[in-house]
Amino acid sequence: QVQLVESGGGLVQAGGSLRLSCAASGRTFSSYAMGWFRQAPGKEREFVAAVRWSDNTIYSDSVKGRFTISRDNAKNTVYLQMNILKPDDTGVYYCAAAQRLFSSYSQDYDYWGQGTQVTVSS
């Protein structure tokens, strides 16, 4: 069982930056692929970024070049550095862990956090 707790969300102006953190419980954290997803009001949850245990990363086209995902296995934590934020980045950001697959599909993730709100004002 893995428990995930996100933090770092907030209100920021367009063009600004935020760094989200996701603290994970469990001794096998380093073996999981970790992902970030987001959900805007009235929209479906969408993939943002993921990092494999080997530090391979994938990003959605909408955030590529602006967001960076990273992980610190010693701290059981995954980060999402978000730069040049846009109003379209507004939503609840969820951290997720996958035991078997390195994927951009939400159905491949086994554990989810409760989410942290990010609001970008224009």
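The values are calculated or read from the model by the stated rules, or taken from the named source; none is laboratory data. Just so you know, these numbers come straight off a predicted model, no measurement behind them. Cβ atoms come from the backbone with ideal geometry, glycine included; neighbour counts cover every protein chain shown. Keep in mind that these areas ignore ligands, DNA and RNA; they rest on the heavy atoms of the full protein, side chains included. Shrake-Rupley method; radii C 1.70, N 1.55, O 1.52, S 1.80 Å.
Of note:
- Across the protein chains, with a 1.4 Å probe defining accessible surface, the residues Thr68, Thr90 rank Thr68, Thr90 from largest area downward.
- Accessible area per residue for the chain, computed on protein heavy atoms with a 1.4 Å probe, is 53 Å².
- Region 4-122, Rg to Rh (Cα coordinates; Rh as Kirkwood inverse mean 1/r): 0.94
- Most mobile of Arg45, Arg71, Arg27 in a GNM of the chain (Cα contacts under 10 Å): Arg27
- If you sort Ser122, Ser54 by accessible surface, 1.4 Å probe, largest first, the order is Ser122, Ser54.
- Taking Cβ atoms as reference points and 15 Å as the exclusive limit, the residues near Ser122 contribute a net charge of -1, counting Lys and Arg as +1 and Asp and Glu as -1.
- With K and R counted +1 and D and E -1, the other residues having a Cβ less than 11 Å from that of Gln81 yield a net charge of +2.
- Carbon plus sulfur fraction of accessible area for region 37-79, probe 1.4 Å, in percent: 44 percent
- Extension gain for Asp88-Leu101 works out to 1.9 nm (0.36 nm per residue, less the C-alpha to C-alpha distance).
- Full-stretch length increase - Asn73, Gln13 - with 0.36 nm per residue and alpha-carbon distance subtracted: 18.5 nm
- Unit Cα scatterers, Debye sum, region 1-61: log10 I(q)/I(0) for q = 0.16 Å⁻¹: -0.67
- When the GluC sites (Glu not before Pro) in region 1-99 are filtered for DSSP coil states and for at most 13 other beta-carbon atoms within 10 Å of their beta-carbon, the remaining sites are Glu44.
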